[in-house]
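Report on the structure given below.
The values are calculated or read from the model by the stated rules, or taken from the named source; none is laboratory data. What you see is a predicted model, and the numbers here were worked out from it, not measured in a lab. Cβ sites come from the backbone with ideal geometry, for glycine too, and all protein chains shown count toward neighbours.
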Amino acid sequence: MSIKAPRGTRDILPLEAQKWYILEEIFKKMCCIYNMHEIRTPLFEETELFVRSVGEESDVVNKEMYNFKDRGGRELALRPEGTAGVVRAYIEHGLYNMPQPVKLFYYGPMFRYDRPQAGRQRQFYQMGIEIFGTREPIADVEVIKFTADFFSSLGFRNLQLHINSVGCPQCRFPYQDDLKEFAREKLSMLCADCQRRALLNPLRLLDCKEEGCRELMKDSPQLESYLCQDCRDHFNGVLELLNVLNVPYYVDPYMVRGLDYYTNTAFEFISEDIGAQGSLGGGGRYDNLVEICGGPSVPGVGLAMGVERIALAMDREQLWPEESEPEGVFMAVQDSGLKEEALSMLYSLREKGLRADTDFLNRSLKAQMKFANRNGFRYVIIFGEEEKLKNQIKLRDMLKGEQLELSFAEALDILVKERS
Ligand code: AMP
């Protein structure tokens, strides 16, 4: 039996990779405009980091984490999300000693053992940003506006921004008690996970994926009325700034997001078009996370977006730019005895920075022309005995169907000028 890619993973073949490249370029450009700096952290960390930060009772850690012991007996886990590793690095390298805020971005694969379906995989890519060192609402808005700008650069026009405040631990305590009380009456009807959540981490009752549980929790108390003055002011500050910047939003009182570390602002950008996996990206504030992970008390706010989901939504809404025009030069050789001369021309083309390739399989001229066409080359240089005798080549423009006979040096000149 042949070996296949593991369940929940996907190969990104060249045509799709080209599309991803567009997303990556726009993301990196946006990061540059917003003065964010790249950080790369390991794909695996000590399991304890995620248990402490994402939360032992969150689905991400409790049900979905790829954790294992390495040969040295260390407890490790493939990262299920990016923030925890970035926070660990921020502490480990003393980035809190740098002028604050520190604005970082990352891009890479994450791993969750979830049930695979369209837009939900076991290895998926996230693009994310984090801002450390300020609790000002302007930082929350910076992250949200970044996301809105990124999506609008991709051409999205109808994403909904859902926003909520999940408060601070102080205002959450009485809320969690009341939520627990609310769930107690319905305990026997809730799923086994929610029965456990009701005891250990009632906030997680709000992000159960089971339809039955969602229905039962529909009229549960709303966190909004429990917010302390400080949290209320912060939330209002964020909403006011969003108004000033004309960023439309919908306050969703039940949105708490699946990770335990959020405080105050929580938000998600949702596409109505891609169904159940409609969340293209989300994030929020995490004022206690650096401390929880063993660092000083430094607030933070961040965002993570799912690349596969964005690509899927772009497919559905047909937002990808038109296929690019053919470009570059294919070096077609008519006689295998001329390969060496053709190779030196090929490398001269490349030295000038032109996209260039040649035949590797001793194919007929006709087959080489076909190959050049299928591979999106604008020009073909034809070199055979006849051309060699005249010290010339043929330069064929595949788009216009025109052909010139000239020296290689002249052709090179034309091609370089044409490109610039
Ligand atoms: P989260 O880290 O759960 O807040 O997720 C942030 C974003 O990552 C989501 O909005 C999705 O776009 C994406 N995402 C999360 N889990 C998956 C998954 N299993 N497969 C694909 N994308 C995901």
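Worth pointing out:
- Taken over the range 3-58, the criterion of being hydroxyl-bearing (Ser, Thr, Tyr), at pLDDT below 95 and not in a helix (DSSP H, G or I) is satisfied by Ser58 alone.
- Cys231 more than 21 Å from Ser279 (Cβ to Cβ), hydrophobic (A, V, I, L, M, F, W, C) and either touching a Lys or Arg at 6+ places or on another chain (Cβ under 9 Å) or assigned to a helix (DSSP H, G or I) (or both): yes
- Test result for Glu130, under 30 Å from Gly8 (Cα atoms), away from the ligand (no atom under 12 Å from the Cβ), charged (D, E, K, R) and surrounded by 21 or more Cβ atoms within 10 Å (Cβ to Cβ): yes
- Residue in the range 77-96 that is over 20 Å from Leu289 (Cβ atoms), of a type in the set (Asp, Glu) and in contact with a helix residue (DSSP H, G or I) (Cβ under 8 Å, 6 or more places away or on another chain) present: no
- In this structure, Glu75 does not satisfy being more than 16 Å from the ligand (Cβ to nearest atom) and closer than 14 Å to Asp260 by Cβ.
- For the range 249-271, a tally of residues being part of a strand (DSSP E or B) and over 20 Å from the mean Cα position of the chain (by Cα) returns 5.
- Qualifying positions in the range 362-392 - assigned to a strand (DSSP E or B) and under 11 Å from Gln334 (Cα atoms): Ile381, Ile382, Phe383
- Annotation note: of Ile163, Ile144, Ile138, the sole residue that is of a type in the set (Val, Ile, Thr) and away from the ligand (no atom under 16 Å from the Cβ) is Ile138.
- Of the criteria (1) modelled with pLDDT of 95 or more; (2) more than 30 Å from Leu199 (Cβ to Cβ), which one Ala118 fails: (1)
- Matching option when the condition is crowded, with 16+ Cβ neighbours inside 10 Å and within 13 Å of the ligand (Cβ to nearest atom), among Tyr106, Tyr175: Tyr106
- Residues of the range 288-309 include at least one that is more than 30 Å from His93 (Cα to Cα), within 16 Å of the ligand (Cβ to nearest atom), in the same structural domain as Ile138 (by TED's automatic domain parsing) and crowded, with 19+ Cβ neighbours inside 10 Å.
- A search for C-beta distances below 6 Å between a residue of the range 51-67 that is at negative phi and any residue that is within 12 Å of the ligand (Cβ to nearest atom) and of a type in the set (Lys, Arg), counting only pairs 6+ apart in sequence or on different chains, returns Glu64/Arg112.
- When residues of the range 264-281 are limited to those that are within 8 Å of the ligand (Cβ to nearest atom) and either farther than 23 Å from Met36 by Cβ or touching a residue at least 40 places away in the same chain (Cβ under 8 Å) (or both), the one surrounded by the fewest Cβ atoms within 10 Å (Cβ to Cβ): Gln277
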